[in-house]
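The values are calculated or read from the model by the stated rules, or taken from the named source; none is laboratory data. These numbers were taken from a predicted model, which means no experiment stands behind them. Here Cβ is always computed from backbone atoms with ideal geometry, including for glycine, and neighbour counts include all displayed protein chains.
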Amino acid sequence: MLGTFQIYQQNGKGGYHAAVRAIAEVLDHGRGFGCSAAQMLLSVLNRTTSGFMAFEEVLKLLEADVVVISPESASARPLELSIVGGMALGRAHTRYAVHRADASGQLLSVDAFVCFRVEGEKLQQLVEQVELKVACNILIYKSPAKSG
């Protein structure tokens, strides 16, 4: 089983249902859990879940009472999911702008990546348990503030 997906919606085409169908097709191979597994993987990757996990980590790193953190959604990369040799690998990117609390300007940008891998067997167990507990790593990179 092999598949690599960049998940995005372009001009109203594709989107969630098309992504679920494409991922399920690669995952299932007659085992009957592909659609549920695809939905579970996408629920971890989606901007609400992955963005919140990343935001929590950014808050831990920065003193939230002296800065204001806001998403730079237009800079987010497409959600990525690869299925290789029975392993699902996911990565979601979010960029945050960090501003001075006194509104005197942007200090920096932070790129946060939520990454996970889950074996097919473990994914099937999670689907059967209807449990959304996929371990993720969050990688954070700081960039200089945009000038201007």
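The figures follow:
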| quantity | calculated |
| --- | --- |
| Among residues of the stretch 59-72, those that are at pLDDT 85 or above and under 18 Å from the mean Cα position of the chain (by Cα), counted | 3 |
| Residue within the stretch 34-52 that is at pLDDT 85 or above and under 17 Å from L107 (Cα atoms) present | no |
| Residues (buried (at least 18 other Cβ atoms within 10 Å of the Cβ) and in contact with a strand residue (DSSP E or B) (Cβ under 9 Å, 6 or more places away or on another chain)) located in the stretch 115-127 | F116, V118, G120, L123, L126 |
| Odd one out for A112, checked against (1) surrounded by 12 or more Cβ atoms within 10 Å (Cβ to Cβ); (2) farther than 30 Å from Q124 by Cα | (2) |
| For F52: the one exception among (1) under 17 Å from the mean Cα position of the chain (by Cα); (2) more than 20 Å from A22 (Cβ to Cβ); (3) buried (at least 18 other Cβ atoms within 10 Å of the Cβ) | (3) |
| Output for the stretch 102-111, where each listed residue is over 23 Å from L45 (Cα atoms) and either in contact with a strand residue (DSSP E or B) (Cβ under 6 Å, 6 or more places away or on another chain) or part of a strand (DSSP E or B) (or both) | Q106, L107, L108 |
| Verdict on T94 being at pLDDT 85 or above and hydroxyl-bearing (S, T, Y) | yes |
| Total residues in the stretch 62-92, condition assigned to a strand (DSSP E or B) and surrounded by 14 or more Cβ atoms within 10 Å (Cβ to Cβ) | 15 |
| Pairs, first over 26 Å from E56 (Cβ atoms) in the stretch 113-127, second among the basic types (K, R) and not in a helix (DSSP H, G or I), C-beta under 9 Å, six or more apart | G120/R31; Q124/R31 |
| Any hit, the stretch 90-109, residues being in contact (Cβ under 8 Å) with a residue 60 or more places away in the chain and more than 15 Å from the chain's Cα centre (by Cα) | no |
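Yes/no matrix, rows are residues, columns are (1) under 30 Å from I23 (Cα atoms); (2) touching a His at 6+ places or on another chain (Cβ under 6 Å); (3) of a type in the set (K, R):
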residue: E72; (1), (2), (3): yes, no, no
residue: R77; (1), (2), (3): yes, yes, yes
residue: I83; (1), (2), (3): yes, no, no
residue: G90; (1), (2), (3): yes, no, no
residue: S104; (1), (2), (3): no, no, no
residue: L107; (1), (2), (3): no, no, no
residue: D111; (1), (2), (3): yes, no, no
residue: L123; (1), (2), (3): yes, no, no
residue: Q129; (1), (2), (3): yes, no, no
